Amino acid sequence: MAAQGLSAVFSDIKGNEATVKAVECAVKFALGAVLGAAEIFGGSLPFGPGFTAACGSGLGGLFALIGAMLGSVMRAGFTGAMKYCAISVLIYSAAFVFRDAGLVRRKWFMPAIAAFMTACTGFVYASDGGWPLQATAIYITEIILIGGSAYFYAEAINSHDTGTDEPLIRRWSLLICGATALITLSLFKIFDIISLGRIAAVTAVIVTARKGGAGAGAVTGAALGLSMDAAASSAPFFTVSYALAGMVSGIFSGGMRVVSAAAYILANAAGGIWGGAGTLLMPLLYETFAGSVIFMVLPPSLLLEVKERIVGRESFEGAQRSREYVRRKAQDAALAFREIYDEMRRILPDNINDNDISTVFDLAAEAVCRKCPRAGICWKKEYGKTQNALNDATAAMIKNGKLTAEDIPGYFSSACVDMRGLLSAINAEYKAMQQRRVFRNRLKESRKNFFDQYLDIEAVIKGIAGELDASKCAETEVESRLKLYLRGVGADISGGVFRDSNNRMHIELEGSGIMDLRRDSKYLEKISAAVGTRLCEDTDRSKRSRLFLLEAEPLAASVGIAALRRPGQGISGDSNTNFKTEEGVLCVLLSDGMGSGEGAAKESAGTLRILERFIKAGVSPLVSLKLMSSAMLAKNEECMSYATVDLMCVNLFTGETELFKYGAAPSYIKKGGEVRRVTGESFAERLGAASAPGCTRLMLEPDTVAVIASDGVTDGRGDEWLRRAIGEAGDETPRALARSILEKATVFTGREDDMTVITVTVKQRS
């Protein structure tokens, strides 16, 4: 039973219009016969008329009518089927009469006609018996069932695409259609005990629970169990057993297939024993075992069909995956701004104690009283009296903003040799203290505003991350090809395909089928062929049940590093790192902290750590360097520290390269036998300067070698030896070349500073 309805099945049939119409009529005739024979409540046959109403007045509707009447007669005989045949004929006649009316195209019209004809015909039969309670209940129930089944059957056999709730309605319609069709199939039994319809129902419940989870399993189990109970005219035995087993099996849907089957068997047995249906218990156990065996041998492609079409869970969501990817980038950028804020607040003092008023008197006394003949008496012998006098005058000085002779106690002012000079010095120092306070407060406020900008940027980026819409980056056509391939190999996998800002393709897959997919040693080549793009695996992010694939870069880069610390130092002040962004850009960073040793190492390593976080988060290298430089500029107000930065970014898709330098030594590019020297705007401008970093743009084509070195190796003067060493290099590995250059550097420049050499070789990916 195809989830898109019979019309979708017919559209796939190759042939002329007459052939398609013939197949349509045959299918509707068969379904009409099956549904017409679906007996419930020990004699009621409501589903044939409902299907007739759903098929309408055309040729297909006529064949549905014939099939429904034939099925009813075969099941209940001519006498028992008379009422339902009459209802079906009246329904088809009404549809034929109103075929040109606009109302017939309304969804509610044919179900209403079916219910009306059922009410009119059933009234004769119910009133003839005197309206007993059971007959009245069946009469009302048949009106509801025939009208309702007409609506849901129409949804199941027709393809619509209007309204957001349409897929959910169609899934319910398919479930109802299947459940009522299984009523007829339940009549066929093996050894007059085991029902084929119930075996099919068990299989359907396990499959739905496996792919839809506990909720879908319980709902499907209840629906199919209800139809089996109605067919057997029994208490809700199968309803309870199927629903309970479907729910329990769905709970274990994430494990192996055998676990889902075992969970269903055990839960169904428990439900059957709890229901205590006597003679139905053993058939239930046999049917459960048979359905579980069928479930175990079903092809994976069929299970995927259930997941995507009946359960309705779309497994590929490229637009959503793209939004999540960009949102993660924005969140990383926000975290980088938070880290730089925390780093600055940690280093710079929040408060400076400049509130001790006694320092005003101490500084004034140092300037005036030091040469006074009474200094020994006032500040040593009578120190307590002096302090008391000044303390008594403090309140008046703070209140008036200055100190006068009247504010000084008489016993002190009468003894002071230079009272006027002391008062002048005290007032000058007090004014200076007030000015310092104003300056410090303004500086503190300025710093706070400066640092709060990072928090503001963090908040802005977080807000953008919550509202991102990158649906234009989705690759729906590629997703379709990938879905087709995965369905063909039976891999139960969901995920999405999208492109990033650098136009690089990303494929993110997850699910229990990842392990099965990896068992094929050539799975990467096969997926690449399916999507039409060469792929590589992102091993840093891939896990057991998740697979991240990236469009493979046409260029490959190898990095070699060699370093020596300055003699007498336990650690080098140089730091370096290299990484590749998810956009396919290789970034190589080298930083030289001020001086050597542990302090310089912390400075350079901290610089590179923050720069790496910014760049990985998607912030451009230029903006990352400027942000880091502004932070260093603020930091240098309190502590003299700086670091040089060399940053090389190589786009491995195009070869386009940017070299950024903040006070760093020259770099060298070798192409063929020619060696080119690349320098920054100014060798003196280090990180923390007000100017932007120097940037050189060039192309690193295949077989190009780049050499980056700290100023301990060369400052750009007298570097002929280095250019010659690079030019004469043969096929050495990048690491061997870096070590060779470092060895020559110790001869030509000595070891007066830390020394680091980084070499980058670009090749065409084979």
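Couple of notes before you dig in:
- The range 555-764 shape via C-alpha gyration tensor axes, a/c threshold 1.5: oblate
- Inter-label distance for N502 and R370, nm, one decimal - labels placed 7 Å from Cα along Cα-to-Cβ: 6.5
- FRET efficiency for M699 and V623, using Cβ-Cβ distance with R0 set to 30 Å, rounded to 0.05: 0.85
- Burial ordering of Y523, Y383, Y668, fewest other beta-carbon atoms within 10 Å first: Y383, Y523, Y668
- Basic side chains Lys and Arg get +1 at the Cβ, acidic Asp and Glu get -1 at the Cβ, and with that the dipole of the range 358-459 about its Cα centre reaches some 300 debye.
- Distance (nanometres) between label positions extended 7 Å along Cα→Cβ at T141 and W108: 2.7
- Ordered by the count of other Cβ atoms within 10 Å of each Cβ, fewest first, K670, K602 give K602, K670.
- Pairs with C-alpha atoms separated by more than 21 Å, drawn from the list K580/K744; K83/K189; K380/K431; K543/K763; K580/K602; K522/K543, are K580/K744; K83/K189; K380/K431; K543/K763; K580/K602.
- Nitroxide proxy distance, nm - points 7 Å out along Cα→Cβ at S480 and E728: 6.2
- The length gained on full extension between F748 and K189, counted as 0.36 nm times the residue separation minus their Cα-Cα distance, comes to 191.6 nm.
- Linear extension gain, R735 paired with S358, 0.36 nm per residue minus alpha-carbon span: 129.3 nm
- For the range 504-545, the gyration tensor built on C-alpha atoms gives an oblate shape. Its axis ratio a/c (a ≥ b ≥ c) is at least 1.5, and a/b is not larger than b/c.
- Karplus-derived HN-Hα couplings along the range 542-550 (A = 6.51, B = -1.76, C = 1.60, θ = phi - 60°), whole Hz, x at Gly and Pro: 5, 10, 4, 10, 9, 9, 10, 10, 10
- Classification of the range 358-459 by its C-alpha gyration tensor yields a prolate form. The axis ratio a/c (a ≥ b ≥ c) is 1.5 or more, and a/b outweighs b/c.
- When each of C587, C177, C372 is scored by the number of other beta-carbon atoms lying within 10 Å, the sequence from fewest to most is C372, C587, C177.
- A straight chain from T79 to R338 at 0.36 nm per residue would run longer than the Cα-Cα distance by 84.9 nm.
- What the Cβ-Cβ distance of V297 and D540 gives, at R0 = 45 Å and to the nearest 0.05, is a FRET efficiency of 0.70.
The numbers here are math on the coordinates, done by the rules we state, and not lab data. Fair warning: this is a prediction, and the values are worked out from it, not measured in the lab. Cβ: placed from backbone, ideal geometry, glycine included. Neighbour counts: every protein chain shown.
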